[in-house]
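Q: My structure is below; once you've seen it, I'll send some questions.
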Amino acid sequence: MRRLDVIDRALFHRVAAADRPFGTGSLTGRWLRRLSRAADHGMLWFGTAAALGAIGGRAERRAALRGVSSLLLASTAANIAAKQLTRRPRPPLGPVPATRRLLRQPVTTSFPSGHSASAAAFATAVAIESPAAAALVAPAALAVGVSRVYTGAHHPGDVLAGFALGSALAVLTLRWWPRASHLRPAAGPPRRPAPALPEGAGLSVVVNSGSGSGAFSAGGPEDTVAALRDLLPRADVRLCEPGDDLPALLAEAADRAAAAGGALGICGGDGSVNLAAGLAVERNVPLAVFPGGTLNHFALDLGIDGIEATAAAVMAGRACGVDLGVAADDTGRRHFINTFSLGVYPELVRLREEFEGRMGKWPALAVATARVLATAGPVTVRAGGRDRRLWLLFAGNGVYDPPGFAPTHRTGLADGLLDVRVVDGGRPFTRTRLAAAFLSGTLARSRVYHSARIRALDLDALGDAGRIAVDGESVPAAGALRLAKAPRALTVYRPGTDRAGPPEAPGTGRPGFR
């Protein structure tokens with residue numbers, strides 16, 4: 001270790017004594033000093049994450065979220081834990097030429113470099129989700145490390161240790177948050193006969209322009225309408241523009257599909273698909289899902305990655321039967337294709353919708369999350385004859401992976417089960433204990449977290465839980481609540497793959513479409 005320290009110090013002084021190409025007045029030297037300052041407190045990476053979220057696709061948004069999470073983890077580990085253990089002093093400023101502008105920071109602990117740990121964590125996390133974006137981020141991360149040596153803030157060994165720590169912690173996030181490329185269903189739901197619609201004859205599609213931009217063409221929803229008409233020239237494709245009544249347009253499309261013996265189509269996000277799914281079941285017609293939202297969870301779990309895949313399935317008549325979740329309370333009966341929740345999440349959704357019109361979806365989500373975490377508390381519901389305080393109750397339509405409290409994808413959509421996960425608000429320091437269990441990978445053994453896979457769940461009263469969320473949409477709720485399943489109630493077109501489930505047994509599921 002002493003030899004390594006001698007080599008490290010010698011390298012530092014060698015760099016410090018060099019006038020070219022990093023001389024005080026050189027363009028490179030000025031750029032490195034500015035880059036070092038820009039990376040203070042992670043501001044460079046927060047700005048990069050905001051840019052990825054604003055102009056990138058789904059992979060880039062996931063990369064931004066993983067990058068920020070990894071950065072916070074690495075910064076905490078480097079600046080609070082590692083530096084307090086090592087106590088290595090920063091490089092001496094005396095031998096450095098007087099012409100060199102150096103950062104004279106009050107903190108004297110040098111090992112490892114917090115800036116380098118944050119840079120490596122962010123770049124590695126981005127690479128996990130989006131290698132293309134990482135090709136742009138990685139050079140900047142490397143340059144930040146170089147700038148820390150150039151400005152006299154760290155020895156080269158500090159920077160290398162920071163790179164190693166940050167990269168390792170970013171990779172460690174895969175323990176709790178699987179990479180997007182791994183989120184594929186192991187086997188599809190059972191195949192079910194559905195009408196083949198050559199060139200889309202008998203298909204009525206509504207394109208919701210108010211959804212996110214997850215799968216819209218580069219020119220927006222208008223170009224998506226044109227693309228659908230090219231793929232399915234005999235289909236009736238209509239655009240729901242801002243100010244139009246989406247439920248009314250979908251109801252008219254469902255009526256046309258039923259009269260023609262065809263199918264209902266929807267291009268939008270999961271909220272739009274939820275509306276269309278209920279109408280398809282009521283009219284006894286199959287559903288064609290063209291992904292056009294921000295996240296498209298339902299479409300991705302079906303193996304649908306674009307409008308072309310759905311168009312091919314419609315023309316070939318390839319379909320399957322999937323479950324619908326049912327949430328029934330005193331205010332009505334609602335279906336959900338993905339998830340149900342009560343507690344803090346419905347309040348988060350309500351605030352996001354309130355702010356969304358003024359600042360856009362992603363900034364509104366960030367503001368809503370900050371407000372909910374600062375002000376929200378557990379809700380009281382009644383179940384099994386006793387009151388229970390809950391921070392959150394999550395119910396998935398089908399079993400979600402991974403285990404724990406970060407569900408992301410399903411391996412099947414026709415298992416007849418609800419995936420219920422609960423955060424108990426009746427115990428002290430729930431938020432702190434939940435965060436510690438999540439970070440340590442011991443969530444399944446935490447006393448504040450409970451999970452079960454069941455066919456139905458009854459709550460005797462919702463108490464002060466005045467709102468619930470179904471597929472990301474916050475709605476009022478009251479009285480007793482029953483969560484259940486409608487097994488294979490929905491027929492949906494699905495691209496043919498080698499992992500499709502077996503044909504549905506005769507006499508099971510819904511009749512029709514023979």
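The values are calculated or read from the model by the stated rules, or taken from the named source; none is laboratory data. All figures in this text were calculated on a predicted structure; none of them were measured in a lab. Cβ atoms come from the backbone with ideal geometry, glycine included; neighbour counts cover every protein chain shown. Each accessible area value is taken on the protein alone, full model and side chains, heavy atoms only, with ligands, DNA and RNA left out. Shrake-Rupley method; radii C 1.70, N 1.55, O 1.52, S 1.80 Å.
Q: Quick one: ranking 451, 130 by accessible area, 1.4 Å probe, largest first, what do you get?
A: My answer, sorted largest first, is 451, 130.
Q: For the range 191-287, report the convex hull volume of the alpha-carbon atoms normalised per residue, in Å³, without decimals.
A: For the range 191-287, the hull spanned by Cα atoms encloses 97 Å³ per residue.
Q: Ignoring ligands, DNA and RNA, how do 45, 391, 177, 31 rank by accessible area with a 1.4 Å probe, largest first?
A: 31, 177, 391, 45
Q: If I take R0 = 22 Å and measure r between the Cβ atoms of residue 196 and residue 226 in this structure, what FRET efficiency does the formula 1/(1 + (r/R0)^6) give, to the nearest 0.05?
A: It comes out at approximately 0.40.
Q: Related question: Could you tell me the accessible area of residue 329 in Å² (1.4 Å probe, neighbours in place), rounded to the nearest ten?
A: 20 Å²
Q: Let me see the P(r) profile for the range 250-291: every Cα-Cα distance counted, bins of 10 Å, each bin given as a percent of all pairs.
A: Going out from 0 Å in 10 Å bins, the range 250-291 shows 38, 55, 7 percent.
Q: Report residue 409's accessible area, 1.4 Å probe, all protein chains in place, as a number in Å² to the nearest 10.
A: Surface accessible to solvent at residue 409 totals approximately 20 Å².
Q: Can you give the local net charge around residue 272? Use residues other than it whose beta-carbon is closer than 11 angstrom to its beta-carbon, Lys and Arg +1, Asp and Glu -1.
A: Within the 11 Å Cβ shell, the charges total -3.
Q: Here is a follow-up. Would you rank 281, 146 by solvent-accessible area, highest first, keeping every protein chain in place and using a 1.4 Å probe?
A: 146, 281
Q: Ordered by residue, what ³J(HN,Hα) values in Hz, to whole numbers, does the range 162-168 give under the Karplus form 6.51 cos²θ - 1.76 cosθ + 1.60, where θ = phi - 60° and Gly and Pro are x?
A: Karplus values, whole Hz, x for Gly and Pro: x, 4, 5, 5, x, 5, 5.
Q: Here is a further query. Can you figure out the FRET efficiency of residue 76 with residue 460, using R₀ = 51 Å and their beta-carbon distance, to the nearest 0.05?
A: With R0 = 51 Å, the Cβ-Cβ based efficiency is 0.75.
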